[in-house]
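Down below is the structure, laid out as structure tokens.
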Ligand SMILES: [Cu+2]
């Protein structure tokens, strides 16, 4: 090769290497946006990251090789320099080489990839289990070993800012749309098994720092596991288009050291004793109206609208509605079990007994509805228990 040609080849290879390295390693530092996948905080996420980097660098090397060969051929062997196109139609040697080399690369990559997949699926020997249920549009977490269960929904600040015409600048809300009222709390250094399902439509539980996502499918239980190595707060969201508020069901995981986690568990048990007392005591109408107003704002107003006028025809008005001013039993049934064929979903598992009672009392006495009814949490608890005992609970 002439000296001038060698220089062109070397320059082309150098340019390709610099471009690839800049894109992968340097650009994110300038743009402030990580364009690569996160390394995460679990052994799974780290092994996925390493696997991803190996594949990426192999692709980079292949890309540099192919593009260098292509551009060098185009530049050096161009027609204006007197080159004539070759006339051969095929080359058995070349075909064997370009089949065998990719096969070797693919087989070599399949080994670590399969190992990672097998490890991901192995939830055996877990030290604790959390059942995750997706609802439109919130998550329910049940700690099967601790008798703790709660619903986790979009935080109030994000929820207020997302409403059309709220006048709140989303930029002013910390972790806008990535924050919840009650995060999933887990201990670090423990293998935690997840049983993931859904109660209405398909959802998908996804926290990038844990290194995987898993579909939540009604009538089906998917398994996954994690073992978080670093304490911290990790955010994610539902990753399956699940209806109109799909973008508003974030996930927050807080990983605590074992001692702090144990303290959190005791706190939860104390809270649940309080909840039980809340259900059993008799509430005044004013207390229920007050609580009902905030339950309505966070859970009902998106569809039925803050003024109770609804969005006809999909979401009927509650102001003056036959249901909200008619027989109490029917109203309770619709709120708890939903209404087939309409957008009204069942709230029995999505809200506590106290919140359902408060929301019902509120909607039957607000927006000009003046039934004077007071629905006690204990009534809702009794109906729920009866449905479970009779096996009529959906
Ligand atoms: Cu979802």
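The values are calculated or read from the model by the stated rules, or taken from the named source; none is laboratory data. Predicted model, so just to flag it, every value in this text is computed and none were measured. For neighbour counting, all protein chains shown are included, and Cβ atoms are generated from backbone atoms with ideal geometry for every residue, glycine included.
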(message) Anything in segment 181-220 that is under 25 Å from residue 261 (Cβ atoms) and not in a strand (DSSP E or B)? List them, or say none.
(response) 181, 182, 183, 188, 189, 190, 191, 208, 209, 210, 211
(message) For the list (1) farther than 20 Å from residue 302 by Cα; (2) within 16 Å of the ligand (Cβ to nearest atom); (3) surrounded by fewer than 18 Cβ atoms within 10 Å (Cβ to Cβ), I need the number of the one condition that residue 190 fails.
(response) (2)
(message) With the requirement that a residue be surrounded by 13 or more Cβ atoms within 10 Å (Cβ to Cβ) and outside any helix (DSSP H, G or I), what does segment 53-92 give you?
(response) 77
(message) Let me confirm something: among 212, 225, which residue is more than 14 Å from the ligand (Cβ to nearest atom), within 23 Å of residue 41 (Cβ to Cβ) and buried (at least 19 other Cβ atoms within 10 Å of the Cβ)?
(response) 225
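Identify the residue in segment 228-239 that is assigned to a strand (DSSP E or B) and away from the ligand (no atom under 16 Å from the Cβ) and, among all such residues, is surrounded by the most Cβ atoms within 10 Å (Cβ to Cβ).
Ranking the candidates gives 228 first.
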(request) Answer with yes or no whether residue 259 is in a helix (DSSP H, G or I), surrounded by fewer than 14 Cβ atoms within 10 Å (Cβ to Cβ), at pLDDT 90 or above and more than 27 Å from the chain's Cα centre (by Cα). (result) yes
(message) Can you report the number of residues in segment 160-187 which are crowded, with 17+ Cβ neighbours inside 10 Å and free of Cβ contacts under 8 Å to residues at least 24 places away in the same chain?
(response) 3
(request) Among what's in segment 273-299 and is under 26 Å from the mean Cα position of the chain (by Cα) and more than 16 Å from the ligand (Cβ to nearest atom), pick the residue that is farthest from residue 217 (Cα to Cα). (result) 294
(message) If I filter segment 275-291 for residues that are over 23 Å from residue 229 (Cα atoms) and in a strand (DSSP E or B), do I get at least one hit?
(response) no
(request) Of the numbered conditions (1) within 27 Å of the chain's Cα centre (by Cα); (2) modelled with pLDDT of 90 or more; (3) surrounded by fewer than 21 Cβ atoms within 10 Å (Cβ to Cβ), residue 335 fails exactly one; give the number of that condition. (result) (3)
(request) Return yes or no: is residue 199 within 15 Å of the ligand (Cβ to nearest atom), at pLDDT 95 or above and over 23 Å from residue 306 (Cβ atoms)? (result) no
(message) For segment 350-364, check the following and say yes or no: at least one residue is at pLDDT below 90, surrounded by fewer than 20 Cβ atoms within 10 Å (Cβ to Cβ) and under 20 Å from residue 137 (Cα atoms).
(response) yes
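Working carefully through the options 287, 280, find the one that is surrounded by fewer than 17 Cβ atoms within 10 Å (Cβ to Cβ), closer than 20 Å to residue 149 by Cα and in contact with a helix residue (DSSP H, G or I) (Cβ under 9 Å, 6 or more places away or on another chain).
Values: 287 fails: closer than 20 Å to residue 149 by Cα.
After applying the criteria, what remains is 280.
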(request) State whether one or more residues within segment 120-127 are without any contact (Cβ under 8 Å) to a residue 40 or more places away in the chain and surrounded by fewer than 14 Cβ atoms within 10 Å (Cβ to Cβ). (result) yes
(request) Go through (1) surrounded by 19 or more Cβ atoms within 10 Å (Cβ to Cβ); (2) more than 16 Å from the ligand (Cβ to nearest atom); (3) over 13 Å from residue 248 (Cβ atoms) and name the single condition residue 155 misses. (result) (3)
(request) Mind listing whichever residues of segment 240-268 are within 16 Å of the ligand (Cβ to nearest atom) and more than 18 Å from residue 183 (Cβ to Cβ)? (result) 240, 241, 242, 243, 244, 245, 246, 247
(message) Checking the structure you have, find out if any residue of segment 308-329 is in a helix (DSSP H, G or I), over 17 Å from residue 373 (Cα atoms) and touching a residue at least 24 places away in the same chain (Cβ under 8 Å).
(response) no
